[in-house]
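Below is one structure, written out as structure tokens, with a few remarks after it.
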Amino acid sequence: MLKRYKDFFEKSEEAFFIIDSDGRFAEVNRKYVEMLGYSREELIGHTARKLVHPDDLEVLKKNFLEIINGKATRFECRVIAKDGRVMYVEIVEWPIFEENRVSGAEGILRDITKEKKQELWLRESGKMFEALAEKSLVGIYLIQDGVFKYVNPKLAELWGYDVDELIGKSPLQFIHPEYRELVDKNLKLRIDGKVKAINYKLQIIRKDGEVRTNEVFGSRVTYGGRPAIIGTLIDITESERYRKKLEEYRRFYENAQDLFFILDNNGRFLDVNPKYAEMLGYSREELIGHTARKLVHPDEVSMVRENFRKVMQGKTVRYEAKAIAKDGREYVMEVILWPVFENGRVVGAEGILRDISEKIAMEKKIRESEEKFRKIFEKSPNLIAIINRDFAFIEANPAMVKNLGTNPIGKRLSEVLPENVANRMMKYIKRMFKRNKPLKFRDESNGRYFINTLVPIDLPDGKYCLVISKDVTDIVSMGLLLKAMNTVNEMIMSGETEQNILRKACEELNSLEGFSATILTIDGKKVSVAYKNEFLKQEWIDEIVGESLRYRRAIRKMFTDHEGKKIKILSFPMIVEREVKGLIVLHTNRYLSRDEFKLINTLASNLASALKATELERLKRKALIQIDRNIEQFAILVDQIRNPLSVIYGLAEMEMDDKLAKIVTEQIDRILKIVEKLDRGWLESEEIRKFLWK
């Protein structure tokens, strides 16, 4: 944009100049130099005093004061070229504002020597004036009584009308509504003699509806003995548009949040915008004339140089690089760099830096988050899938694929699940989409139990259902197995018979999903079937029982049925006090968890304890019966001893001498004392017997 402005300034056929607030030339273009014959060096830094005719210095001073007061001016004066020629010129100037104050002016100087001479001549000859006006390159008009009395062809051309369509019409009807009040006011000021001449900008509406910007210069004259306004008009639409674009570009350049910079063909800074210096901490003076070497991370200097080399070859590049601020902070920058051409060759480069540090950090976090999710998704033992509104899988983790036995992606629920399960799942998914809230429900499929959680999720292309299914088969099975054990344990505690306890244990195990159980009892070396499930073949039972008894631990074996199908059989010995009381032989069509395995072992131990207790109870009763018999024999024996002693005692007193009788009776007394002890022992045994029979 700046290049275009410079080209326009230098190549224009209008004489452009720029002065500072002291009236000294800051710049002049080629045309200005050619017109007055002075070089740039003879003009820059000097005022226009030596150029203006002495009689017109007051006019120059007056208009300069207007500029300083912030007003645009248009005036005529005489200037003296270096070769001594006197020229009439028209000068149009407008102020330059910086921070709401006038810092100088820009202007156009037009050589109107010919027009001035023609004007003088036209004063003497109306025909000559009309001929000149008709061929003028600017619009010329005469207004009297509020209407056009004369317009030249150029004005009619600029407005898009024929001359006849304008004559006799009020100029206000062609003026843009926003400017009509201003134009009306300026016309009245001159007609009333309050202002002799005036210069300003306005907008008109052409016949084709296009809005154009014009600049007018009009003066009060007397025409036909009455006041009128004569003036000129030029179309400045394009120059105004270009000026505004330049202002917009400069404002954008100065206020942009991105970092703009301009480099020469050696990579040195020619200009940077305020944001560039602000972010990196360097003043503009510290950057201009230097390369970006100190701003670039050492690891990336070669890469930056290579990209600059490509730009010097005429290519546009885009890359990322680390920039180091003056305080040591690092930024990740996106760099866009393009070549600047002059006369077909690259003379430098322009570019933009954009701080993408936060973007890069955010992208890294997103990648890490996505990686975490992907790992959770792929490694989770839970079944995870994403399903669309058409009930089709768009994603499934390995656990889901393994459970279904097929990759479901792209398939509908009805294609991979049993009909009843698919219908149930679709019903809940519909409900979730309708409520737009997470939903949880329990389901069962092929003997396995699941807790399903449905979560609505928003993806870039719409709303989907995230399905998380947790296999709770082991938990459910453990619950059912515990319930069965509690039932059996309650029977054991209530003192049920061995037969009832074993029957109940077998019934409870057979009632569990996928279980077929047979219970055997062992008495010495005799193995008896307490309760048998017909599914289990006797040869399977015999083989696994033999191994279980030999190793005195739970055994797992695989058998093959007549269809070639693998049958898994387990045997759990019922051991108490190192004695095997029986076995639980079990078939299951699923894998037993470690906890389930322990529970069945515990059940076997409980049944062994119950059988042992039953056995001890039988032995106790047998002992009691023998004790009863012994006590009864003991009582009879005591009576049998006491009766003969009584006879002997009577004979000793009647038939023996005193000495012998004394000896005999003493011995009889000793025997009676022993009998009394035996009698007391019998009484004590009777009390014990009664206690044991309770």
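The values are calculated or read from the model by the stated rules, or taken from the named source; none is laboratory data. On a predicted model such as this, the values are computed, not experimentally measured, just so you know. Backbone-built Cβ (ideal geometry, glycine too); neighbour counts: all protein chains shown.
Could you check, for the range 231-253, whether at least one of its residues is aromatic (Phe, Trp, Tyr), over 47 Å from the mean Cα position of the chain (by Cα) and either farther than 30 Å from Gln313 by Cα or surrounded by fewer than 18 Cβ atoms within 10 Å (Cβ to Cβ) (or both)? Walk me through it before giving the result.
Just the residues of the range 231-253 that are aromatic (Phe, Trp, Tyr), to begin with: 242, 249, 252-253.
Within this subset, residues satisfying the condition of being over 47 Å from the mean Cα position of the chain (by Cα) are none.
Within the range 231-253, not a single residue is aromatic (Phe, Trp, Tyr), over 47 Å from the mean Cα position of the chain (by Cα) and either farther than 30 Å from Gln313 by Cα or surrounded by fewer than 18 Cβ atoms within 10 Å (Cβ to Cβ) (or both).
Of the conditions (1) modelled with pLDDT under 75; (2) under 22 Å from Lys483 (Cα atoms); (3) buried (at least 18 other Cβ atoms within 10 Å of the Cβ), Leu536 clears all except one; give me its number.
All conditions are met except number (2).
Quick one: Asp390 ticks every box in (1) touching a helix residue (DSSP H, G or I) at 6+ places or on another chain (Cβ under 8 Å); (2) closer than 21 Å to Leu459 by Cβ; (3) at pLDDT 85 or above except a single one, so which number is it?
(1)
Evaluate the range 429-444: report whether one residue or more is under 25 Å from Asn388 (Cα atoms), in contact with a helix residue (DSSP H, G or I) (Cβ under 6 Å, 6 or more places away or on another chain) and free of Cβ contacts under 8 Å to residues at least 60 places away in the same chain. Break it down stepwise before answering.
In the first step, residues of the range 429-444 are kept if they are under 25 Å from Asn388 (Cα atoms); the result is 429-444.
Of the ones still in play, those that are also in contact with a helix residue (DSSP H, G or I) (Cβ under 6 Å, 6 or more places away or on another chain) are 439, 441.
Now narrow it down to the ones that are free of Cβ contacts under 8 Å to residues at least 60 places away in the same chain: 439, 441.
The answer is yes; a qualifying residue exists.
Among the listed residues Ala156, Ala197, identify the single one that is within 14 Å of Gly139 (Cβ to Cβ), surrounded by 15 or more Cβ atoms within 10 Å (Cβ to Cβ) and more than 60 Å from the chain's Cα centre (by Cα). Even if it seems obvious, please write down each step before you answer.
Details: Ala197 fails: within 14 Å of Gly139 (Cβ to Cβ).
The unique qualifying residue is Ala156.
Conditions: (1) crowded, with 19+ Cβ neighbours inside 10 Å; (2) touching a residue at least 40 places away in the same chain (Cβ under 8 Å); (3) not acidic (Asp, Glu). Tyr161 meets all but one. Number of the miss?
(1)
From the residues in the range 200-229 that are surrounded by fewer than 16 Cβ atoms within 10 Å (Cβ to Cβ) and hydroxyl-bearing (Ser, Thr, Tyr), which one is nearest to Lys244 (Cα to Cα)?
Checking each candidate, the answer is Ser219.
Taking strands (runs of 3 or more DSSP E) that fall entirely within the range 219-312, which contain at least 3 residues that are among the basic types (Lys, Arg) and modelled with pLDDT of 90 or more? Working first, answer last.
Details: elements: 226-235, 259-264, 269-272.
Fully inside the range 219-312 and qualifying: nothing.
Among Ile175, Ile108, which is over 16 Å from Gly231 (Cβ atoms), β-branched (Val, Ile, Thr) and at pLDDT 90 or above? Full working, then the answer.
Numbers: Ile175 fails: over 16 Å from Gly231 (Cβ atoms).
After applying the criteria, what remains is Ile108.
Is there any pair with a first residue in the range 262-276 that is assigned by TED's automatic domain parsing to the domain that holds Val311 and among the aromatic types (Phe, Trp, Tyr) and a second that is buried (at least 20 other Cβ atoms within 10 Å of the Cβ) and assigned to a loop (DSSP other than H, G, I, E, B) whose Cβ atoms are under 8 Å apart and which are 6 or more apart or on different chains, and what are they?
Partner pairs satisfying both residue conditions: Phe269/Ala292.
List the pairs whose first member sits in the range 395-413 and is within 11 Å of Ser380 (Cα to Cα), whose second member is surrounded by fewer than 16 Cβ atoms within 10 Å (Cβ to Cβ), and whose Cβ atoms are under 7 Å apart, counting only residues at least 6 apart or on separate chains?
Asn397/Glu378; Asn397/Ser380; Pro398/Glu378; Ala399/Ser380; Ala399/Pro381
Quick check on the range 423-449: of everything there that is in contact with a strand residue (DSSP E or B) (Cβ under 8 Å, 6 or more places away or on another chain) and part of a helix (DSSP H, G or I), which residue is surrounded by the most Cβ atoms within 10 Å (Cβ to Cβ)? Break it down stepwise before answering.
Restricting attention to the range 423-449, the residues satisfying the condition of being in contact with a strand residue (DSSP E or B) (Cβ under 8 Å, 6 or more places away or on another chain) are 424-425, 428-429, 431-433, 436-444, 448-449.
Now restrict to residues that are part of a helix (DSSP H, G or I): 424-425, 428-429, 431-433.
Numbers: Arg424: 18, Met425: 23, Tyr428: 17, Ile429: 21, Arg431: 13, Met432: 20, Phe433: 16.
By that ranking, first place goes to Met425.
Just to be sure, is Arg367 in a strand (DSSP E or B), farther than 16 Å from Ala277 by Cα, out of contact with any Cys (no Cβ under 7 Å at 6 or more places or on another chain) and not hydrophobic (A, V, I, L, M, F, W, C)? Before you say what the answer is, go through the steps one by one.
Working: in a strand (DSSP E or B): no; farther than 16 Å from Ala277 by Cα: yes; out of contact with any Cys (no Cβ under 7 Å at 6 or more places or on another chain): yes; not hydrophobic (A, V, I, L, M, F, W, C): yes.
Considered against the rule, which asks whether it is in a strand (DSSP E or B), farther than 16 Å from Ala277 by Cα, out of contact with any Cys (no Cβ under 7 Å at 6 or more places or on another chain) and not hydrophobic (A, V, I, L, M, F, W, C), Arg367 comes out as no.
Does Tyr150 satisfy being assigned to a strand (DSSP E or B) and either of a type outside the set (A, V, I, L, M) or within 60 Å of the chain's Cα centre (by Cα) (or both)?
Details: assigned to a strand (DSSP E or B): yes; either of a type outside the set (A, V, I, L, M) or within 60 Å of the chain's Cα centre (by Cα) (or both): yes.
It is true that Tyr150 is assigned to a strand (DSSP E or B) and either of a type outside the set (A, V, I, L, M) or within 60 Å of the chain's Cα centre (by Cα) (or both).
Sort out which residues of the range 263-285 are crowded, with 18+ Cβ neighbours inside 10 Å and in contact with a strand residue (DSSP E or B) (Cβ under 7 Å, 6 or more places away or on another chain), and write them in order of number.
Once the filter is applied, which keeps residues that are crowded, with 18+ Cβ neighbours inside 10 Å and in contact with a strand residue (DSSP E or B) (Cβ under 7 Å, 6 or more places away or on another chain), the range 263-285 yields Leu263, Phe269, Val272, Asn273, Lys275, Tyr276, Met279, Leu280.
Of all residues in the range 307-321, which are out of contact with any His (no Cβ under 8 Å at 6 or more places or on another chain) and either of a type in the set (A, V, I, L, M, F, W, C) or touching a residue at least 24 places away in the same chain (Cβ under 8 Å) (or both)?
Of the range 307-321, the ones out of contact with any His (no Cβ under 8 Å at 6 or more places or on another chain) are 307-320.
Scanning the range 307-321 gives Asn307, Phe308, Val311, Met312, Gln313, Gly314, Lys315, Val317, Glu320.
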